[in-house]
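The values are calculated or read from the model by the stated rules, or taken from the named source; none is laboratory data. Note that the coordinates shown come from a computational prediction; the quantities given were computed from them, not determined experimentally. Positions of Cβ are generated from backbone atoms using ideal geometry, with glycine treated the same way; all protein chains shown enter the neighbour counts.
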Amino acid sequence: MNSAPLNPSDNIPPRVASPFATTGKPEPVELRDAVLPEDQAAEPAGEAAAAPSTPVDVAPDVMSVRRSLAAGAHDTPARRVFDRMVSEIGKIFVGQDEFVLGSLVALFSSGHILVESVPGLGKTLFVRTLGRVLGCSFGRVQFTADLMPSDITGAPIFDMKTQEFRFRPGPVFTQILLADEINRSPAKTHAALLEIMQEYRVTVDGKSHALERPFLVMATQNPIESEGTYNLPEAQLDRFMFKLVADYPREDEEATILKMHSCQVDINARLEQEVSTVTCPAEIMAITHENSNVRVADRLLDYINKLVRLTRQWPQFHLGASPRAGIALMQAVRTLAAFEGRDYAIPDDVVQLALPALRHRVILTAEAEVEGHRVDDLLRELIRSVEVPRL
């Protein structure tokens with residue numbers, strides 16, 4: 001798949017091999033030094049402080065990380081499954097590499113994702129393709145202002161034959177759920193998802209009904225229409241492992257999309273004929289469990305902890321990230337390392353996933369909003385201020 005930056009305006013430089021992969025014991029470097037182009041020599045600390053450096057994005061090209069580290073990776077079950085999934089998804093779904101990678105990392109980390117994008121970028125197609133590739137069931141719920149909690153979870157119905165009430169499962173009883181335009185429903189409907197996303201069960205009339213694992217909620221919200229929408233409560237935002245921002249495809253990617261999807265061919269037939277199932281729920285859960293054995297060094301744990309805690313002290317943030325953010329980032333870092341064929345995590349994994357894991361967990365102050373600050377820009381500045389550990 002072709003890589004695409006998170007935001008076209010960020011001017012993301014090409015990704016280079018991590019300096020942490022070199023031998024010896026290099027001096028501690030800051031994040032801005034870790035992502036300098038290869039042809040640009042590193043400057044001494046004093047000179048670097050005196051001369052302004054070109055701003056760089058701390059969320060580099062998501063697929064170039066996989067390519068740059070592939071040479072030293074091992075052929076592990078997690079990496080083999082990841083490569084097969086990406087290959088099969090690419091037969092139908094074009095581009096949006098961060099979206100694809102974030103979804104797979106969240107799925108194999110027992111997390112959920114919130115996607116912010118304009119309509120028409122293929123989110124429903126991706127969910128259907130993902131369900132086919134994974135061998136999992138999938139469902140879609142269109143959130144509207146009159147949607148009730150029972151419309152999502154299900155409700156008891158009276159069976160005339162047995163003269164008893166029986167539970168009728170709702171659309172959440174699936175394995176991959178697309179919650180489309182989730183911010184168009186009121187808070188009482190959002191609340192119905194809290195227990196589902198955290199505990200993987202539905203409680204109705206005092207009785208719990210377990211959901212089949214793996215279970216991934218992919219919620220979407222439209223960033224350009226605010227009329228008739230409700231802000232998601234902080235408690236629910238914190239349940240999402242990542243917030244991903246899907247942008248328009250590049251010119252070459254959009255040309256490929258036009259060629260692939262403009263022939264009036266039934267998408268169900270294409271999914272059946274062109275896309276193969278490469279894994280199964282049992283294997284997904286086994287790999288998810290195995291990913292917990294990926295080593296995270298104490299220095300890297302401290303690095304994650306510093307990043308999360310610093311969001312609570314940053315002057316432009318009214319509210320910082322909770323401890324759940326650190327837990328989510330730790331789990332995601334382990335999964336990304338496993339996808340790379342490594343049994344240990346490195347600082348590049350943290351840098352790769354910090355923005356998606358933190359951007360929805362912080363709130364700007366009123367002054368920062370008036371001044372026009374963006375959460376992503378402030379988080380990049382925050383991450384650059386923390387020294388990258390030597391491992």
**OP:** Could you please find all residues in the stretch 214-236 being out of contact with any Leu (no Cβ under 7 Å at 6 or more places or on another chain) and surrounded by fewer than 15 Cβ atoms within 10 Å (Cβ to Cβ)?
**Re:** 223, 224, 225, 226, 227, 228, 231, 233, 234
**OP:** Could you check, for the stretch 271-283, whether at least one of its residues is of a type in the set (S, T, N, Q) and without any contact (Cβ under 8 Å) to a residue 24 or more places away in the chain?
**Re:** yes
Original post:
What is the residue count in the stretch 288-304 for residues that are part of a helix (DSSP H, G or I) and under 14 Å from residue 111 (Cα atoms)?
Top reply: 3
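Quick grid of which residues meet (1) more than 25 Å from residue 286 (Cα to Cα); (2) assigned to a helix (DSSP H, G or I); (3) touching a strand residue (DSSP E or B) at 6+ places or on another chain (Cβ under 6 Å):
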| residue | (1), (2), (3) |
| --- | --- |
| 147 | yes, no, no |
| 166 | yes, no, yes |
| 183 | yes, yes, yes |
| 193 | yes, yes, no |
Original post:
Inside the stretch 355-388, can you point out the residues that are among the β-branched types (Val, Ile, Thr), in contact with a Leu (Cβ under 9 Å, 6 or more places away or on another chain) and without any contact (Cβ under 8 Å) to a residue 24 or more places away in the chain?
Top reply: 375
Original post:
So which residues in the stretch 196-208 are modelled with pLDDT under 85 and surrounded by 15 or more Cβ atoms within 10 Å (Cβ to Cβ), if there are any at all?
Top reply: 204
Original post:
Do you know which residues across the stretch 122-132 are closer than 16 Å to residue 182 by Cβ and of a type outside the set (S, T, N, Q)?
Top reply: 123, 127
Original post:
For the stretch 351-361, what are the residues that are hydrophobic (A, V, I, L, M, F, W, C) and either over 19 Å from residue 245 (Cα atoms) or in contact with a strand residue (DSSP E or B) (Cβ under 7 Å, 6 or more places away or on another chain) (or both)?
Top reply: 357
**OP:** Among the residues of the stretch 121-171, count how many are of a type in the set (Lys, Arg) and touching a helix residue (DSSP H, G or I) at 6+ places or on another chain (Cβ under 9 Å).
**Re:** 4
**OP:** Test residue 131 against the criterion of being assigned to a helix (DSSP H, G or I) and at pLDDT below 90, and give yes or no.
**Re:** yes
**OP:** State which residue pairs qualify: first residue in contact (Cβ under 8 Å) with a residue 24 or more places away in the chain and inside the stretch 119-133, second residue of a type in the set (Ser, Thr, Tyr) and surrounded by 21 or more Cβ atoms within 10 Å (Cβ to Cβ) in any location, beta carbons under 8 Å apart, and separation of 6 or more residues or different chains.
**Re:** 123/220; 126/103; 130/103
**OP:** Please give the helices (runs of 4 or more DSSP H) falling wholly within the stretch 308-391 in which 2 or more residues are touching a Cys at 6+ places or on another chain (Cβ under 7 Å) and farther than 25 Å from residue 285 by Cα.
**Re:** none
**OP:** Sort out which residues of the stretch 201-258 are touching a strand residue (DSSP E or B) at 6+ places or on another chain (Cβ under 8 Å) and either part of a helix (DSSP H, G or I) or small (Gly, Ala, Ser) (or both), and write them in order of number.
**Re:** 208, 210, 219, 234, 237, 246
**OP:** Examine the stretch 79-95 for a residue that is charged (D, E, K, R) and touching a Gly at 6+ places or on another chain (Cβ under 7 Å), and state whether such a residue exists.
**Re:** yes
Subject >> Residue count for the stretch 362-390, restricted to those that are in contact with a strand residue (DSSP E or B) (Cβ under 8 Å, 6 or more places away or on another chain) and surrounded by fewer than 14 Cβ atoms within 10 Å (Cβ to Cβ) >> reply: 1
